[in-house]
Amino acid sequence: MKKTNKNNKLFILTIVSTMTVAVFSSFVILDLSKRILANNYLETFAKTVDKQPKLTKEERPTVKNDINSSDDIKNKPKPVSKPQSKPIFSTKKVFVNQAIPFSNINQNDPNLEKGKTIISQKGINGLKVIQYLIKYRDNVEISRQLISASITKQPVNQITKIGTKQPEPSGTFNYVEAQRVLTYTNQERAKAGLPALKWNNSLAYYARIRAGEIVIKFDHIRPNGQKYNSLNPSLINGENLVAGMPVPVTAQVAVQKWMESAGHRANILEPRFKSMGAAYLIEPTGIYKNYWVQLFSVQ
């Protein structure tokens, strides 16, 4: 039994081996047949290709890639830009009228009451004609050049008169007491060995004007801002003023007050003076009530 089994195993092994060789042989034969068929196909395809007519460069199909080639970039037409229009330049001469403003001139008027003003001459503007050369670029002004300027009408200045006339004092003048000032003045000059002064009616007239002015402004400068002698500069060479309430109320007291002041005393004793005039105004509405004026002259 053991032997039989061994033979059976060998037989089976022999059969298996034989089958293996047969299968392997079939694979070899199949592989060789595939190779033969492949070679035959390649030879047939090569012969077929050789028989096809050759295409020229123009007849060959063109294959386009998605990515542009350098030739495409070179041959691509450039965008045509719009031609820019050239600016248009032009010039034009123009005339411009320009007003010349008039000036305001103030003039003091001694015949017009103080505080009042009157336009005696109305102002009128003048006229100037100016010529320009204007340059334009596309109808827009770019420069302006002055060519000429001429005055065709002169301006007329406006004149305003300002009143400087002082109102007449409401008080009263004491002419008798005013003339007594001459008497007491010559007494003082005689003490100094000086010649007596004479009475001057023109100086007395100006003294009365000054008496009314010092009620408003007690000063050697007049209310209009001028010096005391501006009433008659060639005649009036000196002035003494005094005021007080209740004194001085007499010429003697007035001269006494002047002699107590160095400046006033110098006027009374001035050797060059030859005449004088005086005024005494009693003004109840004034601050000092009693106002005295003495004027001197070398004439």
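The values are calculated or read from the model by the stated rules, or taken from the named source; none is laboratory data. What you are looking at is a predicted structure, and each value in this text was computed from that prediction instead of being measured. Every residue, glycine as well, gets a Cβ built from its backbone with ideal geometry; the counts of neighbours run over all protein chains shown. Side chains are part of the model used for accessible areas, which takes the heavy atoms of the whole protein and leaves out ligands, DNA and RNA. Shrake-Rupley method; radii C 1.70, N 1.55, O 1.52, S 1.80 Å.
Out of K161, K191, K217, K227, which single residue is basic (K, R), open to solvent by 90 Å² or more (accessible area, probe 1.4 Å) and within 51 Å of the chain's Cα centre (by Cα)?
Values: K161 fails: open to solvent by 90 Å² or more (accessible area, probe 1.4 Å); K191 fails: within 51 Å of the chain's Cα centre (by Cα); K217 fails: open to solvent by 90 Å² or more (accessible area, probe 1.4 Å).
Checking each option against the conditions leaves just K227.
Just for region 287-297: of the residues that are modelled with pLDDT under 95 and over 14 Å from F173 (Cα atoms), which one is surrounded by the most Cβ atoms within 10 Å (Cβ to Cβ)?
Selected residue: Y288.
If you scan region 254-268, which residues turn out to be out of contact with any helix residue (DSSP H, G or I) (no Cβ under 6 Å at 6 or more places or on another chain), more than 16 Å from Y175 (Cα to Cα) and not in a loop (DSSP other than H, G, I, E, B)? Outline the logic, then answer.
As a first pass, look at region 254-268 and keep what is out of contact with any helix residue (DSSP H, G or I) (no Cβ under 6 Å at 6 or more places or on another chain): 254, 256-257, 260-263, 266-267.
Subset that is more than 16 Å from Y175 (Cα to Cα): 256-257, 260-263, 266-267.
Once the filter is applied, which keeps residues that are out of contact with any helix residue (DSSP H, G or I) (no Cβ under 6 Å at 6 or more places or on another chain), more than 16 Å from Y175 (Cα to Cα) and not in a loop (DSSP other than H, G, I, E, B), region 254-268 yields Q256, K257, A262, G263, A266, N267.
Report, by residue number, each residue of region 240-259 that is at pLDDT 95 or above and of a type in the set (D, E, K, R).
none
Residues of region 216-247 being in a loop (DSSP other than H, G, I, E, B) and among the basic types (K, R), which ones? Working first, answer last.
First pass over region 216-247, keeping only residues in a loop (DSSP other than H, G, I, E, B): 217-220, 222-226, 232-237, 245-247.
Hits for region 216-247 are K217, R222.
So, in region 109-123, of the ones that are over 22 Å from P223 (Cβ atoms) and open to solvent by 90 Å² or more (accessible area, probe 1.4 Å), which residue ends up nearest to the chain's Cα centre (by Cα)?
K122
Does any residue of region 198-213 turn out to be in a loop (DSSP other than H, G, I, E, B), farther than 17 Å from Q299 by Cβ and touching a residue at least 12 places away in the same chain (Cβ under 8 Å)?
Start the filter on region 198-213 by keeping residues that are in a loop (DSSP other than H, G, I, E, B), which leaves 200.
Cutting the leftovers down to farther than 17 Å from Q299 by Cβ gives us none.
No, there is no match, as no residue in region 198-213 is in a loop (DSSP other than H, G, I, E, B), farther than 17 Å from Q299 by Cβ and touching a residue at least 12 places away in the same chain (Cβ under 8 Å).
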